[in-house]
Amino acid sequence: MAAGSGTEPTGNESKDSEAEAWPAARPVTTLRLRLEPLRPGHAAEAFPVFDDERLHIWIGGSPDSAEQLEARYRRQSAGQSPDGKQGWLNWMLRRQSDQRLVGTVQATLLRPAAGRLAAELAWVIGSQHQGTGYAREAALAMTTWLREQGVDTFIAHVHPGHEASAAVARALGLTPTDTVVEGEIRWSGQ
C-alpha cells in the first residue's frame with residue numbers, strides 16, 4: 001500500500017546540494033508494469049484510483065480532490081523541492097496488459113554528505129489492485145534504477161501494522177530501525 005511521503009527535509013543535507021543537479025525520472029519497464037515519470041496530466045486518470053479513503057488508513061489524511069491532485073502533481077513533476085535541497089522522482093504505474101494506472105512510486109533524494117545520495121521511498125497501489133505484487137515489482141525496479149543513478153542509501157517509513165508495506169521494504173533489502181517518525185517505523189538499507 002504505502003510508505004511515508006518523504007517530502008520533509010531531514011536537516012542533514014550537504015550545504016552544496018542546491019548547486020548539484022538531481023537525476024530526472026525516466027521511464028522504467030518491468031514484466032507487468034511501465035513506470036512513467038509523473039506529469040500533471042496524469043491527475044485526471046489517477047484521480048479515480050486514489051479517491052479512496054481506504055488508502056489513507058495507514059498514511060493518514062484523506063483523498064485529494066481532482067484539483068488538489070493536479071496541483072500536487074504539478075509541484076512534484078518539477079523534479080525538486082522549491083529550495084533545490086531535495087530531488088523529487090515520481091512515477092505512475094501503468095499495467096502493460098491493459099494500460100490502466102494502478103499506483104505510484106516515488107523517491108525523495110537527499111545528499112546527506114558530500115558524494116552521497118540517499119532516497120526516501122514511498123509506494124501506493126490502488127485498493128482494487130492490491131495483493132498483486134505490483135508494489136514490490138515497481139519498488140524493486142525503482143531502486144534498481146536509483147542505484148544506477150548513484151543512490152547508495154534507501155529509507156522508507158512504514159506503519160508498524162502495515163504488513164504489506166513491511167514486506168515490500170524487506171524485499172528491497174531494508175531493515176526496520178528503532179526510529180519512529182509520526183507513528184511510522186523507519187526502515188533503511190543500501
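Details
- Residue in region 163-175 that is among the aliphatic types (A, V, I, L, M), surrounded by fewer than 19 Cβ atoms within 10 Å (Cβ to Cβ) and closer than 20 Å to residue 56 by Cα present: yes
- Of residues in region 111-123 being open to solvent by 10 Å² or more (accessible area, probe 1.4 Å) and modelled with pLDDT of 95 or more, the one nearest to residue 34 (Cα to Cα): 120
- Test for residue 124: is it touching a Ser or Thr at 6+ places or on another chain (Cβ under 7 Å) and of a type in the set (A, V, I, L, M): yes
- Per-region count, region 86-137, residues under 20 Å from residue 157 (Cβ atoms), over 13 Å from the mean Cα position of the chain (by Cα) and of a type in the set (S, T, N, Q): 2
- Those residues of region 152-162 which are surrounded by fewer than 23 Cβ atoms within 10 Å (Cβ to Cβ) and in contact (Cβ under 8 Å) with a residue 40 or more places away in the chain, in sequence order: 153, 159, 161, 162
Listed here are the residues, each with its yes/no results for (1) modelled with pLDDT of 95 or more; (2) in contact with an Asp or Glu (Cβ under 7 Å, 6 or more places away or on another chain); (3) among the basic types (Lys, Arg).
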site: 21; (1), (2), (3): no, no, no
site: 24; (1), (2), (3): yes, no, no
site: 53; (1), (2), (3): no, no, no
site: 56; (1), (2), (3): no, no, no
site: 100; (1), (2), (3): yes, no, yes
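- Which listed residue, of 78, 118, is under 26 Å from residue 21 (Cα atoms) and in contact (Cβ under 8 Å) with a residue 24 or more places away in the chain: 118
The values are calculated or read from the model by the stated rules, or taken from the named source; none is laboratory data. Since the structure is predicted, the reported quantities are computational estimates derived from the model, not experimental observations. For neighbour counting, all protein chains shown are included, and Cβ atoms are generated from backbone atoms with ideal geometry for every residue, glycine included. In case anyone asks, the SASA skips ligands and DNA or RNA and just uses the protein heavy atoms, side chains included. Shrake-Rupley method; radii C 1.70, N 1.55, O 1.52, S 1.80 Å.
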